[in-house]
Amino acid sequence: MLRLLIDAFWNENVWLPPNTTWSDLAPGPDKAVIYTDHRHVFFPIPLALLFITIRYVLERYVYAPFGRYLGIKGSKPKRPTPNPKLEAAYKASPRTKQPNQTYSSQQYFLVNIPRELESIAVKKLTPIDNVETMWMG
């Protein structure tokens, strides 16, 4: 049953031009035109894993010791120096009254959009105003 479905899906009349079969596209030495082989798609994955492994080994066992030999120190990101003025300003800002407060996007829009809509002055345009704004920018 499964074979019947697969054969129906890959029907030559659907996918290929007239007088062409799947065997015409198959790779082989006796073909006038060499088509790509679908199995070539699988080569990049093992090659990528091989290159990642080679890079890891070279960085860990060749480049890092060579860099230490040259006097290059391994550096970690430096922590910022504490600044009490900035901390006080951050804690005093109106947006951070509750330091652990987080909004989901829905909560944010439910709270903030009505305020923003209230602040926008909506001017009702007449048909003449619409034409004037369209032509005069």
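Tabulated values for the structure
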item: Selection status of Tyr69, at pLDDT 90 or above and among the aromatic types (Phe, Trp, Tyr); result: yes
item: Residue among Leu16, Leu25, Leu49 that is surrounded by 10 or more Cβ atoms within 10 Å (Cβ to Cβ) and either at pLDDT 95 or above or not hydrophobic (A, V, I, L, M, F, W, C) (or both); result: Leu49
item: Any hit, the range 77-95, residues being within 30 Å of Glu12 (Cβ to Cβ), modelled with pLDDT of 85 or more and not basic (Lys, Arg); result: no
item: Test: Thr133 is at pLDDT below 85 and over 29 Å from the mean Cα position of the chain (by Cα); result: yes
item: Members of the range 52-83 that are loosely packed, with under 10 Cβ neighbours inside 10 Å and among the hydroxyl-bearing types (Ser, Thr, Tyr); result: Tyr69, Ser75, Thr81
item: Scan of the range 37-76 for residues that are assigned to a loop (DSSP other than H, G, I, E, B) and either charged (D, E, K, R) or touching a residue at least 60 places away in the same chain (Cβ under 8 Å) (or both), ordered by number; result: Asp37, Lys73, Lys76
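The values are calculated or read from the model by the stated rules, or taken from the named source; none is laboratory data. What you see is a predicted model; the values in this text were computed from it and never measured. Virtual Cβ from ideal backbone geometry, glycine too; neighbours counted across all protein chains shown.
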